[in-house]
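The values are calculated or read from the model by the stated rules, or taken from the named source; none is laboratory data. Predicted model, so just to flag it, every value in this text is computed and none were measured. Virtual Cβ from ideal backbone geometry, glycine too; neighbours counted across all protein chains shown. Surface accessibility is based on the protein's heavy atoms, side chains included, excluding ligands, DNA and RNA. Shrake-Rupley method; radii C 1.70, N 1.55, O 1.52, S 1.80 Å.
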Amino acid sequence: RKAYLLDKSAKDIQVKELMTAQVAYVSPDYTAEDCMALVTEMRVRHLPVLENNEVAGIISIGDLVKETISDQQFLIAQLEHYIAG
């Protein structure tokens, strides 16, 4: 898609023309909520997790959505239990 927008053939385009220049990243102490806000703001699907200037892992938007759903299901169950007494 980007090659098309740049009016270039995919075989003639260099990776540096396609890649993100400013990579967003997080540290292990970020919360899932912080990460979700960042992927939304930056419009990215993956965030490298850096610890001591080394990549400790990568968190994806899918990981964040899964965690958010899990948290909401837990909260719903707790509220149902509270209401039921």
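Overview of results
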{"quantity": "Per residue, in Å², the accessible surface of the chain once ligands and nucleic acids are set aside, probe 1.4 Å", "calculated": "88"}
{"quantity": "At 0.692 mPa s and 37 °C, Stokes diffusion of the chain via Kirkwood alpha-carbon radius, µm² per second", "calculated": "209"}
{"quantity": "Chain lengthening between Thr20 and Phe74 when straightened (0.36 nm per residue, less Cα-Cα)", "calculated": "15.8 nm"}
{"quantity": "Label point distance in nm, Thr31-Leu6, each placed 7 Å from Cα along Cα→Cβ", "calculated": "3.9"}
{"quantity": "Computed magnitude of the charge dipole of the chain (debye, nearest 20; Cβ of K, R +1, Cβ of D, E -1)", "calculated": "620"}
{"quantity": "Accessible area of the chain belonging to carbon and sulfur atoms, whole % at 1.4 Å probe", "calculated": "54"}
{"quantity": "Contour excess over end-to-end distance, with Cα ends at Ala84 and Ser60 and 0.36 nm allotted per residue", "calculated": "5.0 nm"}
{"quantity": "Karplus-derived 3J(HN,Hα), 6.51/-1.76/1.60, for each residue of the stretch 40-52, Hz, glycine and proline x", "calculated": "5, 5, 7, 6, 10, 10, 9, 10, x, 9, 9, 9, 6"}
